[in-house]
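Asker: What follows is a structure written as structure tokens; I'll ask about it next.
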Amino acid sequence: MSYQAEIKTAQALIEKNGSQWSAIKAESVARMRLQNKFKTGLDIAKYTAAIMRRDMAEFDKDKTKYTQSLGCWHGFVGQQKLISIKKHFGTTERKYLYLSGWMVAALRSDFGPLPDQSMHEKTVVADLIEELYKFLRQADARELGMLFRELDAAKAAGDAAKAKDIEAKIDNYETHIVPIIADIDAGFGNEEATYLLAKKMIEAGACALQIENQVADEKQCGHQDGKVTVPHADFHSKIRALRYAFLEMGVDDGIIVARTDSEGAGLTKQIAVVNEVGDQGDVYNSYLDVEEVSAADTKEGDVLISRNGKLVRPKRLPSGLFQFREGTGHERCVFDCIEAINAGADLLWIETAVPTVHEIRDMMNDVRKVHPDAKLVYNNSPSFNWTLSFRQQTYDAWVAEGKDVSAYDRTKLMSADYDESELAAEADRRIQNFQAESSREANIFHHLITLPTYHTTALSVDNLAKEYFGAAGMLGYVAGVQRKEIRQGIACVKHQNMSGSDIGDDHKEYFSGDYALKAGGAKNTSNQFNNI
């Protein structure tokens, strides 16, 4: 609804309620309604699910239209990302947020920092989704509030043309609300627990839920050892639980991202049930590391299964876990992906050990033989040493091409001595093009970095501490932070405005008129940052 239409609607409502509402101003009501477009998390989930579905369809037609996101652990961090995106690119199109379970565990648990093992309070995940959207909604309110102030100034100056232009900006305003792909780990329990948590996350605004095929109570970070997968029947029951949760909440086009950790997971907690030869359970068990035995070879406590008419004993660790055969990760990932789509997943996620286009492409090519439209979400993880990996990839490619690499020591390519070298420049070019190339080659729809703000916060605080507590003193903050904020036009230099002070002043004026005690007067030191 346009700005003027909102005013007319509010005016009609005020007039309908007679003199008791006579002090209510229709234009103020219209402004507040526009500043709070999304009334509930479900409104957001439905809106953003439609965006993701549209983006997925566009990607199917044009592989250059992949989407991206950065992980975040606080509402303010997510807000600043979207404000920055709008400032630099003028639109939020194809730019999302990622909610990382790792960062929730490390930064949001009442237990303090925890490893990524599903030990944190599961409700914190839904709480963070709600928090992120609160901050994004405030970003809308703040930006629209600034437009309203500009509109008032134009009207007061009698500049009708400028006022019309500002009203057009209000009518065509693009929200900061974007899809969040939210990590539900391995579901935090059985399928009922997964369903209940999914509902909380959807109610908070999540349109896309990412779930992995690890055992919930043995869950490990995807880039660490000791990962234990579950048979497909178990995983698929949780995929269905997510779909039921979406449907119950009325988000009919909600997105399920099915993640397989099989490439690096060498263990399973249980042997799958087999109902007939060649079914999911039979294929899952076919990857087990087994030895053929006779009845005479068995001992007390052995677990035995029949395979192709022969008795075999799966190799079992002291922990009771069963071991897969070495070298089956690729095949198991492909099988996981095919069966996850059969079970209702919309997008796939394959965790890999290193970011190599050919490895991801080869797995996805095998998946797409069965599901041609299969699309991938890929973790551009900080757990990868991107510099070392791509310098080694470049080195190996040059060796294969017969190029002279005698100036380089492959075991020491991370050395700063190589930073200005031809090999380093070529490796950086490959890193720069990685997302575009892998989207084209491996059908990667969405690229994310899980923990960027964890690392950027650590880096910036380290630099500030070194300067401020060192010889630079106060200049360490002024030159290293505030002056850069001013020069780069970072909105947070006006931190009072960012916290909602000006929005509060507007509301005080609506509520109290001339009696309003406002914070933004002449003595507000934030005025020092005006007109810069």
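The values are calculated or read from the model by the stated rules, or taken from the named source; none is laboratory data. Note that the structure is a prediction, hence the values are computed from the model and not measured. When we count neighbours, we look across all protein chains shown, and the Cβ atoms used for this are built from the backbone with ideal geometry, even at glycine.
Asker: Which members of region 507-532 meet the condition of being exposed (fewer than 11 other Cβ atoms within 10 Å of the Cβ), under 38 Å from the mean Cα position of the chain (by Cα) and either more than 30 Å from Arg33 (Cβ to Cβ) or of a type in the set (Lys, Arg) (or both)?
Answerer: Selection gives Thr525, Gln528, Asn531, Ile532.
Asker: So, in region 185-211, exactly how many residues are buried (at least 23 other Cβ atoms within 10 Å of the Cβ) and modelled with pLDDT of 95 or more?
Answerer: 13
Asker: I would also like to ask the following. Considering only residues that are assigned to a helix (DSSP H, G or I) and at pLDDT 85 or above, look in region 272-313 and name the one that is farthest from His236 (Cα to Cα).
Answerer: Result: Ser286.
Asker: From the set of residues in region 129-167 that are of a type in the set (Gly, Ala, Ser) and either in contact (Cβ under 8 Å) with a residue 40 or more places away in the chain or not in a helix (DSSP H, G or I) (or both), which is surrounded by the fewest Cβ atoms within 10 Å (Cβ to Cβ)?
Answerer: Filtering region 129-167 for residues that are of a type in the set (Gly, Ala, Ser) and either in contact (Cβ under 8 Å) with a residue 40 or more places away in the chain or not in a helix (DSSP H, G or I) (or both), the one surrounded by the fewest Cβ atoms within 10 Å (Cβ to Cβ) comes out as Gly158.
Asker: Same structure, new question: So Gln488 fits all but one of (1) under 18 Å from Lys81 (Cβ atoms); (2) in contact (Cβ under 8 Å) with a residue 24 or more places away in the chain; (3) outside the structural domain of Leu82 (by TED's automatic domain parsing); what number is the exception?
Answerer: (2)
Asker: State whether one or more residues within region 403-412 are free of Cβ contacts under 8 Å to residues at least 40 places away in the same chain, more than 30 Å from Gln80 (Cα to Cα) and under 32 Å from the mean Cα position of the chain (by Cα).
Answerer: no
Asker: Same structure, new question: List, please: which pairs have Cβ atoms under 7 Å, are six or more places apart or on different chains, and start with a residue in region 325-346 that is among the polar types (S, T, N, Q) and end with one that is assigned to a loop (DSSP other than H, G, I, E, B)?
Answerer: Here the result reads Thr328/Tyr287, each pair linking region 325-346 to a residue that is assigned to a loop (DSSP other than H, G, I, E, B).
Asker: Tell me, which helices (runs of 4 or more DSSP H) lie completely within region 378-476 with 1 or more residues that are surrounded by fewer than 19 Cβ atoms within 10 Å (Cβ to Cβ) and outside the structural domain of Asp183 (by TED's automatic domain parsing)?
Answerer: 452-468
Asker: Could you identify the single residue in Pro318, Pro314 that is farther than 22 Å from Ala340 by Cβ and surrounded by 15 or more Cβ atoms within 10 Å (Cβ to Cβ)?
Answerer: Exactly one of Pro318, Pro314 is farther than 22 Å from Ala340 by Cβ and surrounded by 15 or more Cβ atoms within 10 Å (Cβ to Cβ), namely Pro314.
Asker: Is at least one residue of region 260-268 surrounded by 15 or more Cβ atoms within 10 Å (Cβ to Cβ), of a type in the set (Val, Ile, Thr) and either out of contact with any helix residue (DSSP H, G or I) (no Cβ under 9 Å at 6 or more places or on another chain) or outside any loop (DSSP other than H, G, I, E, B) (or both)?
Answerer: yes
Results for (1) closer than 30 Å to Asn172 by Cα; (2) under 18 Å from the mean Cα position of the chain (by Cα), shown as yes or no for each residue.
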position: Gln80; (1), (2): yes, yes
position: Ile83; (1), (2): yes, yes
position: His88; (1), (2): yes, no
position: Tyr98; (1), (2): yes, yes
position: Gly101; (1), (2): no, yes
position: Leu107; (1), (2): no, yes
position: Gly112; (1), (2): no, no
position: Ser118; (1), (2): no, yes
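Asker: Something else about it: Quick one: in region 65-120, which of the residues that are of a type in the set (Gly, Ala, Ser) and in a loop (DSSP other than H, G, I, E, B) is farthest from Met52 (Cα to Cα)?
Answerer: Gly112
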